[in-house]
Structure formats: C-alpha cells, structure tokens
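Okay, structure first, notes after.
The values are calculated or read from the model by the stated rules, or taken from the named source; none is laboratory data. Keep in mind it's a predicted model, so treat the numbers as computed, not measured. As a convention, Cβ positions derive from the backbone with ideal geometry for all residues, glycine included, and neighbour counts pool all protein chains shown. Calculation scope for accessible area: heavy atoms of the full protein, side chains included, ligands and nucleic acids excluded. Shrake-Rupley method; radii C 1.70, N 1.55, O 1.52, S 1.80 Å.
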Amino acid sequence: MGLSDAPLLFNFEIESSEDFTYIPMIVRYNLDRFGLRISLEQWQMLPLEDRKLLARFPADDDTAIEPNFDHALFEMMRTHANLEPSWFQPDDRPAWRSVDAVPEPLVEQSALAGLPALDVAQWGRLAPFQRYVLMKLSRKPKLNHDFLPAMREFGLTAAH
C-alpha cells in the first residue's frame with residue numbers, strides 16, 4: 001500500500017488538529033513505530049504541505065514503505081528546521097497489539113469518561129490502528145478531550 005490520496009485523519013481529529021497545527025494520530029503512529037520523536041514546535045516548523053504529506057503514510061506494517069516515512073521526515077526536518085528527529089527504542093510488544101486483554105490505561109480512561117470498560121471482544125474487533133489511537137489517548141491519568149469522540153467514531157459508545 002502506498003501513500004493515500006489525502007491525509008489520514010479520523011473525524012474527531014479534523015477539528016482538534018486545527019489544520020495540522022497539532023500532530024495527527026497517523027503521524028504519531030508512524031513516529032512511534034519507527035522510534036522517532038519530534039516536538040510540537042519542530043512539527044510546526046514544517047510547511048503545511050509537508051505535514052499533510054507525512055499524514056498520508058499508511059497505518060500498517062507494509063515493509064515497502066518502511067524506509068520512506070523516516071527518510072521523508074529527516075529530509076523535511078533538515079531542510080526546514082535544520083534539525084533531526086531524536087531516536088528511541090520502540091516497544092516491540094506494545095499493549096495495543098495484544099487482543100488478549102483490555103489494557104488498564106484504557107479501562108481507567110473509560111471510567112474517567114463515564115463509560116463502561118470495553119470487553120475483550122470489543123477490543124479485539126478494533127483495527128490495530130484504532131487500538132493504538134485509544135491507547136495513545138489513554139496514556140495520561142486525566143480525561144483526554146478526544147477520547148469520547150474517538151470511542152463514538154469507532155462505534156464503541158452511542159452519541160450523546
């Protein structure tokens with residue numbers, strides 16, 4: 001799978017990304033997958049078209065695109081910010097990859113949102129990228145403003 005025709009944004013992100021002022025989930029996913037880190041300030045140094053291009057990379061483990069995301073990011077950062085992303089060792093067994101149990105941070109975030117915890121079957125039916133997103137939104141012990149909209153968009157709770 002190659003680049004998508006348009007940036008890969010969830011409906012709940014369109015407003016919260018404020019036209020790519022903030023880093024969209026698809027870019028966060030690929031940063032985490034490749035073990036790269038950039039700050040919000042560095043992200044905002046990139047031209048809008050570059051930010052949109054980075055958001056067109058797929059959310060899958062297609063080895064054909066593997067070298068392209070990190071190469072594109074490095075080139076953009078060098079050109080527009082005179083910086084390079086920092087590296088970290090990605091988790092080779094992140095909680096969102098496992099469908100055997102609903103991760104505790106997600107259970108806690110659901111409680112903060114006043115929602116029942118997902119059961120294992122609901123968790124397992126989600127696409128891997130959706131599970132990643134819910135875990136990313138659940139990483140802090142306070143309610144994330146995008147958590148409830150994401151749960152609605154993923155069909156896990158009724159609209160209020």
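A few points about this structure:
- Condition broken by ASP92, with the remaining ones in (1) in a loop (DSSP other than H, G, I, E, B); (2) in contact (Cβ under 8 Å) with a residue 60 or more places away in the chain satisfied: (2)
- Among the residues making up the stretch 34-65, those that are in a helix (DSSP H, G or I) and open to solvent by 50 Å² or more (accessible area, probe 1.4 Å) are LEU40, GLU41, GLN44, MET45, LEU48, GLU49, LYS52, LEU53.
- The stretch 1-33, residues that are open to solvent by less than 30 Å² (accessible area, probe 1.4 Å) and either in a helix (DSSP H, G or I) or aliphatic (A, V, I, L, M) (or both): PHE12, GLU13, ILE23, MET25, ILE26, VAL27, TYR29, ASN30, LEU31
- The stretch 68-99, residues that are surrounded by fewer than 17 Cβ atoms within 10 Å (Cβ to Cβ), acidic (Asp, Glu) and within 21 Å of the chain's Cα centre (by Cα): GLU84, ASP91, ASP92
- Which listed residue, of GLU108, GLU75, is of a type outside the set (S, T, N, Q), out of contact with any Phe, Trp or Tyr (no Cβ under 8 Å at 6 or more places or on another chain) and over 26 Å from THR157 (Cα atoms): GLU75
- Qualifying positions in the stretch 88-138 - over 18 Å from ARG33 (Cβ atoms) and among the acidic types (Asp, Glu): ASP100, GLU104, GLU108, ASP119
- Tally of residues being surrounded by 15 or more Cβ atoms within 10 Å (Cβ to Cβ) and within 13 Å of PRO103 (Cα to Cα) across the stretch 134-160: 5
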